[in-house]
1. Looking only at the range 117-141, count every residue that is in contact with a helix residue (DSSP H, G or I) (Cβ under 6 Å, 6 or more places away or on another chain), modelled with pLDDT of 95 or more, among the hydrophobic types (A, V, I, L, M, F, W, C) and more than 20 Å from S204 (Cβ to Cβ) and tell me the total.
2. Scan the range 135-145 for residues that are without any contact (Cβ under 8 Å) to a residue 24 or more places away in the chain and either in contact with a Leu (Cβ under 6 Å, 6 or more places away or on another chain) or exposed (fewer than 12 other Cβ atoms within 10 Å of the Cβ) (or both) and jot them down.
3. Keeping to the range 191-213, report how many residues are under 10 Å from K20 (Cα atoms) and of a type in the set (G, A, S).
4. Restricted to the range 64-93, and to residues that are buried (at least 18 other Cβ atoms within 10 Å of the Cβ) and over 17 Å from the mean Cα position of the chain (by Cα), which residue is modelled with the lowest pLDDT?
5. (1) in a strand (DSSP E or B); (2) out of contact with any strand residue (DSSP E or B) (no Cβ under 8 Å at 6 or more places or on another chain): which one isn't true of V72, the others all being true?
6. Working only within the range 32-56, note down all residues that are over 13 Å from S10 (Cα atoms), without any contact (Cβ under 8 Å) to a residue 12 or more places away in the chain and of a type outside the set (S, T, N, Q).
7. Can you tell which of R163, R178 is at negative phi and at pLDDT below 95?
8. Considering only residues that are touching a Leu at 6+ places or on another chain (Cβ under 8 Å) and at pLDDT 95 or above, which ones fall in the range 41-63?
Amino acid sequence: MKTALITGASRGIGKATAEKFLKEGWRVIGTSTSGEGWERKNLSWVQLDLANADSVRKVVEKIKGELIDVLVNNAGMYPDEEDFSDAPIKRENLKAILEVNLVGTADFTEQLLNHVSPDGHIIFVGSRAGSLTREKVSTSEPSYRISKAALSMYTRLLAERLRGTKLTISIVDPGWVRTDMGGDDAERDPKEAAEEIYNLAMSSVPSGKFWREGEERSW
């Protein structure tokens with residue numbers, strides 16, 4: 001039985017993605033900040049706070065000996081309301097969000113690399129909010145947008161560093177999804193995003209690319 005590790009699996013896109021992998025016969029290790037979550041056969045939980053370096057280290061120690069076939073870096077943080085059009089970026093917001101969405105995620109990934117299958121797949125959940133090629137950029141949620149743009153660069157850098165191996169590195173744009181973060185008015189159901197993440201994980205695709213609805217998208 002293959003194993004997927006999914007961060008932030010207690011709700012939203014992470015939960016839907018975990019449910020999809022379980023339905024397809026996978027074993028899933030889910031993370032949550034509390035270390036608790038919903039119950040299902042072949043699902044286990046570990047506590048992970050990406051803002052805490054010691055928490056990251058403890059998770060890696062706990063799963064030592066496991067072979068991870070797919071790692072889905074889904075966990076992320078969204079800021080309090082920010083609007084760069086009429087106010088400066090709040091230092092505390094930017095620092096907190098980068099610590100989770102970029103620094104903690106990159107640290108967790110780096111420490112897990114030796115536990116990922118040589119032909120495995122690492123997927124980051126990115127966002128079109130961090131796109132650098134969109135003609136018009138909204139000034140809302142600047143800290144979040146910066147963090148997702150930086151995560152895209154980390155994806156490209158990691159893929160380049162691992163070029164020549166069989167490990168695939170991808171980042172996916174799930175769109176605007178109905179979650180606690182996306183809100184009730186969002187366009188997409190979490191199950192749609194989960195289906196795309198699973199299909200990407202199962203696909204043989206070039207490493208270091210940004211994906212949306214099964215198609216490569218611009219950065």
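1. Within the range 117-141, residues that are in contact with a helix residue (DSSP H, G or I) (Cβ under 6 Å, 6 or more places away or on another chain), modelled with pLDDT of 95 or more, among the hydrophobic types (A, V, I, L, M, F, W, C) and more than 20 Å from S204 (Cβ to Cβ) number 0.
2. E135, K136
3. Summing the residues that are under 10 Å from K20 (Cα atoms) and of a type in the set (G, A, S) in the range 191-213 gives 1.
4. Only one residue fits best here, namely E82.
5. Among (1) in a strand (DSSP E or B); (2) out of contact with any strand residue (DSSP E or B) (no Cβ under 8 Å at 6 or more places or on another chain), V72 violates only (2).
6. Passing the criteria: only D54.
7. It is R178.
8. Passing the criteria: K41, N42, L43, S55, V56, V59, V60.
The values are calculated or read from the model by the stated rules, or taken from the named source; none is laboratory data. Quick caveat, the model's predicted, so the values are computed rather than measured. No Cβ is skipped: glycine too gets one built from the backbone with ideal geometry, and neighbour counts run over all protein chains shown.
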